[in-house]
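First comes the structure, then the notes that go with it.
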Amino acid sequence: MRETLIALVKLQKIDTDALEIEQSARRIPEQIQSLEETVEKQRLELGRLNAEAEAQRNEQNELEAHVSEESAKHQKWKRRLNDIKSPREYQALSRELEMGERHVHDIEDKLLELTQDLETKQKTIDERVKDLRDKEMAVRTEIQALRKSESELRNRVSDATTGREEVSKDIPSRVVKKYEQLRKSRGGIAVAEVVNGTCNGCQMKVRPQLVIQLLRGDTFESCPSCNRILVHEEIAKEARETAPD
């Protein structure tokens, strides 16, 4: 039984190392997605600014056309003013001219404000375009490095499991079956060491009598709390000392 417990510790070490590498590899696609989302957020913001600028340019064109139309109308009324003989008609047209001039000035003021705002926005857009290009390049480089790292980690998982089949041969099939069931239901950890009377799988205290039984290494015991296979720290130490480098 002691040899079986030692083999279980070795098997758990192989699986734990492989699991840690696998988990590191699994995190990489999430990191890549996060980087891509950051770039996409900048693209959307730039798109919003461009849409605002385009709307302002359309408004600018409309205002310029309106100013041109009103100015032409104003010049036409001015020419008519010289031909008017009636004082009342002359006064009425003069008022229309004055109101028209004020209207044109108001439009020109709005146009000037709009033009200045558009110039400021275009500068911001130009800066954001440069920032986006720099970000895209940096993210592209980082993603390439992450994908390379992921590939290397996948290869390391394969390397880490080398010798697993050999170790499993020293464990009865019924015990291997229980080990695999526990590993699936306990986050990859089926074997727990009892260190200073505590199960390091669930951190619960183990009865002193059970600790003594575990030290003898002649029985197969489970943690009353987490149901993991228990191995005394001394037996676990022996397993690590006899494990291949």
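The lysine pair tally for segment 95-245, using Cα distances under 18 Å and a gap of 8 or more places or different chains, is 4. Sequentially through segment 12-25, phi angles give Karplus couplings (6.51, -1.76, 1.60; θ = phi - 60°) of 4, 4, 4, 5, 5, 4, 5, 5, 4, 5, 4, 5, 5, 5 Hz, Gly and Pro residues having no value and appearing as x. Here the Karplus relation 6.51 cos²θ - 1.76 cosθ + 1.60, evaluated at θ = phi - 60°, turns the backbone of segment 64-70 into coupling constants of 5, 5, 5, 4, 4, 5, 5 Hz, with x for every Gly and Pro.
Compute the Rg to Rh ratio over the chain from the alpha carbon atoms, using the Kirkwood formula for Rh, and round to two decimal places. Rg/Rh for the chain comes to 1.56. When the trypsin sites (Lys or Arg not before Pro) in segment 147-184 are filtered for DSSP coil states and for at most 16 other beta-carbon atoms within 10 Å of their beta-carbon, the remaining sites are 169.
Check residue 204: other-chain or 5+ apart residues with amide H under 5 Å from its amide H, H built from backbone geometry? Under 5 Å from the amide H of residue 204 lie the amide H atoms of 199, each far enough along the sequence or on another chain.
For the chain, what proportion of DSSP beta bridges, expressed in % and rounded to the nearest 5, is antiparallel?
The answer is about 50 percent antiparallel.
If you run the Gaussian network model on the chain, springs between alpha carbon atoms under 10 Å, then out of 76, 121, 130 the most flexible one is 76.
Taken together, the values in this text are just the output of simple stated rules run on the coordinates, not laboratory data. The structure presented is a predicted model; accordingly, all values stated were derived computationally and were not measured. We place every Cβ from the backbone using ideal geometry, glycine too, and count neighbours over all the protein chains shown.
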